[in-house]
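Since every read-out is calculated from the coordinates, none of them should be taken as a lab result. If you're wondering where the values come from, they're calculated on a predicted model, not measured in any experiment. Counting neighbours? That spans all protein chains shown, and the Cβs are built from the backbone with ideal geometry, glycine included.
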Amino acid sequence: MGRDAKGKFEKGTSGNNNGRPKAARKKLQSLEDLDKIVLEVASRPMTVRSAGGQETVTMFQANLMGLASGSLANRMAAKNFIDTVRRSAGAEDSRRRRREDEERRQNRTRSY
């Protein structure tokens, strides 16, 4: 593979001739996909330091805590994150209600 006596790669050669493998990423195909990812990220656990020591909370809870304290830039970032999560949660809730309403309508038409 082109290593010298010390085990180092010779100039112009690499130990990874095939390059970095392509990551298997799910493509965003709709706003619904984006909303699901936003809500998933907001639900991830993270460790924060508080007066009582360290505690594990969701990322959303950590941003709520950051809204109450921290620098202006941190508070603005926390507010933007919270707004994004609220919009995504509202959109998901609306889609869920529409699906439920559609199912009810279909069940009513079947029963006639």
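Just for the Cα atoms in the chain, what are the lengths along the principal axes, largest first, rounded to whole Å?
Cα spread of the chain along its principal axes, largest to smallest: 83, 48, 24 Å.
Considering lysine pairs in the chain that are 8 or more places apart or on different chains, how many have Cα atoms under 25 Å apart?
On the way: 22/36; 26/36; 27/36; 36/79.
For the chain, the number of qualifying lysine pairs is 4.
Using DSSP loop states and a limit of at most 13 other Cβ atoms within 10 Å to flag trypsin sites (Lys or Arg not before Pro), what is the longest stretch of the chain containing no flagged site?
For trypsin sites (Lys or Arg not before Pro) (loop position, at most 13 other Cβ atoms within 10 Å), the longest site-free span of the chain is 28-112.
Quick check: pseudo-label points 7 Å beyond the Cα along Cα→Cβ at residue 94 and residue 31, how many nm apart are they?
Using points 7 Å along Cα→Cβ, the separation is 0.6 nm.
Determine the calculated [θ] at 222 nm for the chain from helices alone, applying -39500 (n - 2.57) to every DSSP H run no shorter than 4 residues and normalising by the residue count; nearest 500 deg cm²/dmol.
When only DSSP H runs of four or more count, the value is -19000 deg cm²/dmol.
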